[in-house]
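What follows is calculated from the coordinates using simple rules that are stated; it is not laboratory data. Since the model is a prediction, treat every value here as computed from it, not as a measurement. A quick note on method: Cβ atoms are made from the backbone with ideal geometry, for glycine too, and the neighbour counts reach across all protein chains shown.
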Amino acid sequence: MTKVFSVLTFVAAVIFAISPFLTDGFRGFTANQFPFPQTNPPVQPAGYAFSIWGVLYIWLIISTAYGLLKKSNSASWINARPALFVSLAVGASWIAIAQVSVVWATVLIWVMLVFALAALLKSGSDDRWLLRESIGAYAGWLTAASCVALGLVIAGYGYTSQTTAAFIGLGLALIIAAAIQKAHPDTVSYPLVVIWALTGVIFSNLEPLNTGVIVLCGVGIAYLARAVVAPKLR
């Protein structure tokens, strides 16, 4: 089964990476996908932030290929593979579903997040940059993306205002990020990718200016940056 999961995880990573080319790609939900159109939603990062997917796809393919060829029987890799496989397998169809149903896309991205975090927490310290950090970067973006999707659904279905939804979604993302950073303080990629996402949210809230959301993101960035730097100062 260890060899099987090595192959399956690599195949899932490849299919996940080519999925944007089989669809129209994804740079955020469109306004008219919601009963209450979400125009300039404050919870959503600026479009440029989604470019990080290129890095994530390549990193995951390199990681899973190395794991298949060199680390099929390594305990550090074996423990993380099943959860990572599930997350990538779900992600392979995510863009196609997101273009049809915001609600189902939100449910599935939370499934992707849960299994990505499980893979991160189970990953060992061997081959850190090819195993733990690659999963950490992937899980970091999913942490932000899943909470952004939740915020969009809350506002898009009329449960709260856009700004309230942004505070709920971003606040939840920061809680999760802080907990994961505490559990894995030596993982650098996870907080850095969350910081990337929060920076994208700041840029999307400069025009029109949303001071509250910008301050929340700034506080989150400062906390995560300190968490990254602090262990190195001891």
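Numbers for the structure displayed
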| item | result |
| --- | --- |
| Using θ = phi - 60° and Karplus 6.51 cos²θ - 1.76 cosθ + 1.60, couplings along region 175-188 (whole Hz; Gly, Pro as x) | 4, 4, 4, 5, 5, 5, 5, 5, 6, 10, x, 8, 8, 8 |
| Euclidean distance between Cα centres, region 144-214 to region 1-67, Å | 18 Å |
| Farthest positive-ward along the chain dipole, Cα basis, beta-carbon charges - from Q181, A96, Q33 | Q181 |
| Approximate spin-label separation I62-A225, in nm, with each point projected 7 Å along Cα-to-Cβ | 2.6 nm |
| Long-range amide H partners of S123 with built H, under 5 Å | none |
| Neighbourhood net charge (15 Å Cβ-Cβ; Lys/Arg +1, Asp/Glu -1) for Y190 | +3 |
| From the C-alpha gyration tensor of region 13-81, square roots of 5λ in Å | 34, 13, 11 |
